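Take a look at the structure set out below.
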Amino acid sequence: MPKRKLDPLPSSAFQILLALVGEDLHGYGIMRQVAEQTDGRMRLGPGTLYSSIQSLLEGKFIEELDLREDTKLGQERRRYYRLTSAGRKLARSEAERLADLLRVARAKKILRGDYV
Amino acid sequence: MSEKIYAWLLRLYPSHFREAYGNEALQLFRDRARDEKGFVPSLRLWLDLLVDLAISVPQEYGYVQPALIGASALDRFDGVPTFYVLEGESPTLGALLFGGVLSLVALGTFWILLSHAGSYTGIGVMKSGQSQSDSGFSQQQAPRAEPQDAISATNRPDREVFKLDAAERQRVIDSAVAILKEHYIERDDAQKMADALLAHQKSGDDDAVTDGAAFAALLTRQMRDVSPDRHLTLDYSQAPLPQHPTGQTPEGLARYREAMNQQNCTFERVEILRHNIGYLKLNSFPDVSLCQPTAAAAMASLNRADAIILDLRDNRGGEPSMVALMAAYLFDHPEYLYNPRENTTERSWTHSPVPGSRLADKPVYLLTSARTYSGAEQFSYDLKMLKRATLVGETTGGGAHSGVWHRIDDHFGMGIPETKAINPFSKTDWAEIGVEPDVKVKAADALVTAEKLAQGKLQKK
C-alpha cells in the first residue's frame with residue numbers, strides 16, 4: 001500500500017497551501033478560500049479536503065491549532081490549520097515550477113497576449 | 001434529513017479517516033448546506049459530495065497510516081521477513097469474542113469428526129447385495145451360511161442377546177418361502193423346498209431353536225434335503241444387515257477408490273526371488289477400471305522371470321473381470337474360465353494372448369491358504385482345472401456366494417442362485433468345500449515349497 005504522496009503536489013494540496021498563506025483557517029474556511037481563489041472552479045468536497053489536509057499534516061507542511069469558535073459561523077468549535085515554513089517553501093517551489101512551465105508555454109507562443 | 005444521509009455515506013470511508021475527520025466532514029457539510037440553500041445550490045452541493053466520495057473513498061482505502069509503516073521498518077532485520085499491519089486499531093472486544101467462539105466451534109467439530117468418524121471400511125463392502133452374477137464376489141457383507149451345523153466365528157451369535165421367538169421364526173420361514181417361489185431358478189424344486197420348510201414348521205421341528213445361526217443352518221439343511229444345491233443358503237447375521245447395499249453409494253465407491261490408491265490395488269509385493277523366480281503377492285482381485293494399469297505393471301515386471309509364484313494366501317476375492325484379466329497373462333490363446341455365478345459365456349473367456357506378456361509358457365505356482373476365498377478360489381480352481389498352475393498350500397475357504405442376496409430382515413437373508421452356469425471341468429465347484437491344492441502343505445510353508453518345486457523344474461529343463 002502506498003503512503004500518501006505529495007510529489008507531484010496535487011492541485012488540491014497546492015490550493016490549500018495557498019489558501020493558508022494569509023491566515024489560519026478551518027476546513028470550511030479553506031474550502032471557501034479555495035473556491036474564491038479559483039473563481040469557483042474548485043470546490044473541495046470533505047473527502048478530498050481532509051484527505052489533502054492529512055497528507056499535508058503528515059509532511060509537516062501545515063499544522064493543527066487548538067479548537068476555537070468561528071464567530072461568523074456560530075458556536076461550534078472548529079479545528080484551525082496554519083501553514084508551516086516547510087509548507088510555505090513547498091508552495092513557493094510549486095509556484096516556481098508552474099512559473100517555469102509558464103515560461104516554456106510562453107516561449108512556445110501558445111499563450112495569447114501577455115496577461116500572465 | 002440530508003445530514004443523516006451524508007453521515008451514513010461517511011461510513012464508506014475507512015475507520016481511521018472517519019475517526020480523524022468524520023466530525024469535521026459533517027461540520028463542513030452542515031456549513032455548506034446552511035450557506036447553499038435553494039434547489040440549484042443544493043443540487044450542486046450533492047453533486048459535489050457524490051463526486052468527492054467517488055474520488056476520495058478509493059484513495060483513502062489505498063493509504064496506510066504512516067505510523068504503521070514506520071513501525072514495520074523499525075523492526076526489520078536483515079533476512080527476517082516483515083509484514084504490514086493493515087489497520088491501526090486493535091480488534092474490538094466483540095470481534096475477539098466472536099473469533100474465540102468460532103475457533104472453539106471449529107475445534108469441537110474437528111474433535112467430533114475425528115472421534116466419531118466411521119471406522120475404516122475395507123474393500124469388502126463393495127457392491128454387497130448386488131447381483132453377484134454382475135459384480136462377482138467381493139468379500140461380501142452377506143453372511144455365509146456354514147456347511148451343516150458348523151457356525152463360523154464371525155457368525156457366532158451372542159446367545160444371551162438374541163433369542164428367536166415363534167413370530168420371528170414364522171416371519172423368516174414365510175419370507176424364505178416367498179423368495180424361493182419368486183427367484184429360485186428351478187421352479188419345481190422351489191415349490192418342493194417351500195413345501196418342506198412349511199411341513200417342518202407344522203410338525204414342530206423348528207420350535208426348539210432359539211438361536212439365529214442354528215435356525216438359519218436348520219432351514220438351509222431342510223431346503224438342501226430336497227435339492228442338494230450348495231449355492232442356496234439361508235444366513236444369519238448377529239450384526240444388523242444393512243438396509244441398502246452400502247457399496248453402491250458414491251461414498252462407498254470413493255472409499256474403495258481411496259483404499260485401492262493407498263494399497264497399490266492390493267498388489268502387495270512384486271519381486272524376483274533367487275534362481276530368477278518371479279513372485280507376486282496379490283491380496284484381492286480389484287476393480288479393473290481402477291487397477292488395470294497396476295496389474296499390467298506388476299505382470300510386466302515378471303516378464304524376465306523363469307517361473308512365477310502367485311501368492312493368494314491372503315486373497316479374499318474380488319471382481320471376476322480382474323480374475324479374467326490376471327489369468328489372461330498366463331495363456332497364449334483365449335481360455336474359458338468357469339465361474340459358477342456367471343452364465344454369460346462372453347465374459348468368461350480370457351483375452352489371451354496379452355501383447356507384451358512373456359508369461360504364457362512359464363511354470364506357475366499358486367500359493368493358497370484356508371483364507372484364500374471367493375474370486376481367488378475361482379482363479380485357483382480354473383488354473384488348476386486347466387492344468388496351468390500347480391497349487392501349493394492349504395485347501396481354500398470354500399466361498400462361492402452365488403446368485404442374488406435377498407435381505408429378509410435385520411438378521412436373516414438368503415443367497416439364491418438365479419443363473420445356471422455349466423461347469424466344464426467337474427460336477428462340483430469349490431462352494432463350501434474349497435479348492436484342493438496339488439501339493440498340500442501348511443500355508444506358512446507354501447512359499448518355500450513352491451520355490452523348491454520351481455527350482456527343481458527349472459533345473460530339469
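The values are calculated or read from the model by the stated rules, or taken from the named source; none is laboratory data. Predicted model only: the values in this text are computed from it and were never measured. Don't worry about glycine lacking a Cβ; one is built from the backbone with ideal geometry, like all the others, and counts go over all protein chains shown. Heads up: the accessible areas ignore ligands, DNA and RNA and are worked out on the full protein's heavy atoms, side chains in. Shrake-Rupley method; radii C 1.70, N 1.55, O 1.52, S 1.80 Å.
Go through the residues of the stretch A:64-82 one by one and say whether even a single one is away from chain B (no Cβ under 13 Å) and assigned to a helix (DSSP H, G or I).
no
Out of (1) of a type outside the set (Asp, Glu); (2) closer than 30 Å to B:LEU366 by Cα; (3) open to solvent by 60 Å² or more (accessible area, probe 1.4 Å); (4) at pLDDT below 90, the odd one out for B:ARG274 is which?
Just one mismatch for B:ARG274, condition (4).
Are there any pairs, at least 6 apart or on different chains, whose C-beta atoms fall under 7 Å, with the first in the stretch B:429-447 and within 30 Å of B:LEU232 (Cβ to Cβ) and the second surrounded by 15 or more Cβ atoms within 10 Å (Cβ to Cβ) and of a type in the set (Phe, Trp, Tyr), and if so, which?
Listed pairs, sorted by first residue: B:ASP429/B:TYR381; B:TRP430/B:TYR381; B:VAL435/B:TYR381.
Please specify each residue of the stretch A:40-63 satisfying the condition of being more than 11 Å from chain B (Cβ to nearest Cβ) and aliphatic (A, V, I, L, M).
The answer is A:LEU56, A:ILE62.
State all residues of the stretch B:51-72 that are at pLDDT below 80 and within 11 Å of chain A (Cβ to nearest Cβ); if no residue qualifies, say none.
Within the stretch B:51-72, B:GLY62, B:TYR63, B:VAL64, B:GLN65, B:PRO66, B:ALA67, B:LEU68, B:ILE69, B:GLY70 meet the criteria.
Quick one: in the stretch B:24-50, which of the residues that are within 9 Å of chain A (Cβ to nearest Cβ) and open to solvent by 80 Å² or more (accessible area, probe 1.4 Å) is nearest to the chain's Cα centre (by Cα)?
Here the residue is B:LEU50.
Say whether the condition of being within 21 Å of B:ASP438 (Cβ to Cβ), crowded, with 24+ Cβ neighbours inside 10 Å and at pLDDT below 90 is met by at least one residue in the stretch B:366-373.
Checking the stretch B:366-373: at least one residue is within 21 Å of B:ASP438 (Cβ to Cβ), crowded, with 24+ Cβ neighbours inside 10 Å and at pLDDT below 90.
How many residues does the stretch B:1-21 hold that are part of a helix (DSSP H, G or I), at the interface with chain A (Cβ under 9 Å from one of its Cβ atoms) and touching a residue at least 12 places away in the same chain (Cβ under 8 Å)?
3
A:GLU23: open to solvent by 10 Å² or more (accessible area, probe 1.4 Å), more than 25 Å from B:GLY22 (Cβ to Cβ), acidic (Asp, Glu) and away from chain B (no Cβ under 14 Å), yes or no?
Answer is yes for this residue.
One line per residue, one yes/no per condition, for (1) in contact (Cβ under 8 Å) with a residue 24 or more places away in the chain; (2) of a type in the set (Gly, Ala, Ser); (3) within 28 Å of B:VAL51 (Cα to Cα):
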| site | (1), (2), (3) |
| --- | --- |
| A:ARG32 | no, no, yes |
| A:SER52 | yes, yes, yes |
| A:GLN75 | no, no, no |
| A:GLU96 | no, no, no |
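Just need a number here: residues in the stretch B:168-187 that are part of a helix (DSSP H, G or I) and in contact with a strand residue (DSSP E or B) (Cβ under 8 Å, 6 or more places away or on another chain).
Total meeting the criteria: 6.
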